[in-house]
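Notes follow once the structure below has been shown.
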Amino acid sequence: MNSGIIEEDICYVILLSPTEQDKRDMDIIRAHVKHLQELERSGQLVMRGPFDDSPGGMVIIRAESREEAQRIAGRDPYILTGVRSYELRTWSLSHAGNRHMGIAVEAE
């Protein structure tokens with residue numbers, strides 16, 4: 001990992017995609033929203049929402065490890081009921097505070 005990255009600069013992106021079992025079941029949707037609310041209360045939820053231009057959505061979280069992020073994704077009722085599958089990605093945040101992951105040239 002680049003020396004410019006610190007733990008706070010790592011997030012996990014959960015890309016949710018509909019499966020063949022996809023259905024608009026309000027009980028499942030409410031359970032999914034409750035799962036997101038619990039993540040928000042714990043301070044782990046960064047942002048979330050559906051895609052406007054294609055099916056599915058994205059949930060961005062903070063977790064201690066990729067394994068914890070996998071457990072969080074696996075607890076989502078969308079995943080538990082099989083109406084969504086997910087892809088988990090590790091996201092390194094680039095910003096001025098970490099000199100864009102240690103790559104930015106110092107100002108002269």
*Cα-based shape type of the range 10-97, given that a ≥ b ≥ c are square roots of the gyration tensor eigenvalues and the cut on a/c is 1.5*: prolate
*Highest mean first, what order results for 25-35, 48-58 on Cβ atoms within 10 Å?*
25-35, 48-58
_Given the whole protein assembly as supplied and a 1.4 Å probe, what does the accessible area of Leu45 come to in Å², nearest 10?_
20
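The values are calculated or read from the model by the stated rules, or taken from the named source; none is laboratory data. Note that the coordinates shown come from a computational prediction; the quantities given were computed from them, not determined experimentally. Backbone-built Cβ (ideal geometry, glycine too); neighbour counts: all protein chains shown. Remember, those area values only see protein heavy atoms, side chains included, never the ligands or the DNA or RNA. Shrake-Rupley method; radii C 1.70, N 1.55, O 1.52, S 1.80 Å.
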